[in-house]
Structures are given as C-alpha cells and as structure tokens.
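The values are calculated or read from the model by the stated rules, or taken from the named source; none is laboratory data. The structure presented is a predicted model; accordingly, all values stated were derived computationally and were not measured. All Cβ positions, even for glycine, are placed from backbone atoms using ideal geometry, and neighbour counts span all protein chains on display.
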Amino acid sequence: MPPRTTNNSRHAWKLGGAILAGGRARRLDGIAKGLIPHDRGDSIVQRLFDQMIRAGVEQTVIASADIEAYRSLGHDIVADRRHDAGPLAGIEAALDHLSPQCNATIILPCDVPAVSTTEIRRLIDALLESDAQVVYARTDHHFGHPLCAAVDNRILPEITAALDMSEHRPRKVWTRVAHLPVQFPDESIFRNLNTKEDLLRWQQGSF
C-alpha cells in the first residue's frame, strides 16, 4: 500500500472525469449502452455526468470512438487515437485531453448505472489522501474493477508506453505504478450491463 501523503497539496488538485463509451455493445444489438434510458428518462451517461458534478469533478468528457452517437448529449467527446485498443486507449485519449487543465481523472465505464456520488467521492478521497498514482474499486468477491478508478494524470506516459507495446489491459498498467485498491462492501454497485436481461432488469429497477 502506498504511504499516506504527509501534506495536503493534493487537495488543491483540479479533478477531471472520463466516461468510457467505446464498446460496440454487440450483445445489445449494437445499441450504444451509454445512451440507454432508465424509466426515469436519463441515459446512463447523463446520470454518471450528474454524479461526477455532485462529487466535485470540474470537467468530464466522454471517451468514445463513436462521436456521432453521443453528440446529442452536448458534452465534450474525446475520440480514441488508436483503433481496437480497448478501454485503455480511451483512457489515454481522455488523460491527454484533460491533463492541461486537471491533475487527476476519475474514470468510469458507461455501463455501471448504480455507481453514485458516494463511490466517486471515495475514490477521489483515496487518491488525494495517499501517494498512490492509481486507486481503483475492489469488492469482497472480485479482485478489482480497474475501470472504476481515479488516476494521477502524470501516468499518461506509462499508458502510452503500454499501448505502444500492444498491452491493452488497464489492470496490468495499474500494477506498474503505485496503486491502491479501495474496498467497497457491495458488489452490485459495480455491476455492468452486458445482456438484454441485464438491461430489462435495470429498466425495471431490479438490477
């Protein structure tokens, strides 16, 4: 575990956010999962944007290769610079875009509708109060959720180097820098939408 930070310099950091929306959702008939509405009307992506704002994130972008799909939401969209390189390519693009304005980035996939301000804030606090370069969610029955994370934007060169070597797994990259898992008691918070059955349960409020 990284040592606890002995000063509060990190608490002055500016926070950015990245919602990863690069998946092709083949198991959902090609539907852009982030645009799927709940019965209350908001799409998953819009709900996550709202949670980011409430958690104190100053600037959030959508990282997606499909710019047109998300243009109607009116948010900044950052296109992947690499094709078929998975979510790590989206993280690279988002950090490259946000680094001039922000010190750290909170990362969430677009298909975790239950994640709230509470979880986002816990990840932020863990990053600001430690010397870790990456903190990520972990639950009792899951090794980790590497795409639910808060990262120091200065790890961008590590991400780029990994992608240049055809390493596309965020979990592998996180282990190469100072990393800290943040324990959460409820596995269901990080459950993602992968199937039509998942979608139906979520829309009915039973996911």
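Contact annotation: residue pairs with Cβ atoms under 8 Å, 6 or more positions apart or on different chains, pairing a residue in the range 169-196 that is without any contact (Cβ under 8 Å) to a residue 12 or more places away in the chain and within 28 Å of Arg154 (Cα to Cα) with a partner that is hydrophobic (A, V, I, L, M, F, W, C) and surrounded by 15 or more Cβ atoms within 10 Å (Cβ to Cβ), are Lys172/Ala162. Counted as qualifying within the range 19-106 are the helices (runs of 4 or more DSSP H) with 1 or more residues that are at pLDDT below 90 and not basic (Lys, Arg), namely 44-54, 67-70.
To keep it simple, each residue is scored yes or no on (1) modelled with pLDDT under 95; (2) on the phi > 0 side of the Ramachandran plot; (3) part of a helix (DSSP H, G or I).
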| residue | (1), (2), (3) |
| --- | --- |
| Ile124 | no, no, yes |
| Ala137 | no, no, no |
| Asp198 | yes, no, yes |
| Ser206 | yes, no, no |
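Which one is modelled with the lowest pLDDT among residues in the range 172-196 that are out of contact with any Lys or Arg (no Cβ under 7 Å at 6 or more places or on another chain), surrounded by fewer than 16 Cβ atoms within 10 Å (Cβ to Cβ) and not in a loop (DSSP other than H, G, I, E, B)? My answer is Lys196. If only residues of the range 85-103 that are more than 15 Å from Asp164 (Cβ to Cβ) and free of Cβ contacts under 8 Å to residues at least 40 places away in the same chain are counted, the one that is surrounded by the fewest Cβ atoms within 10 Å (Cβ to Cβ) is Pro100.
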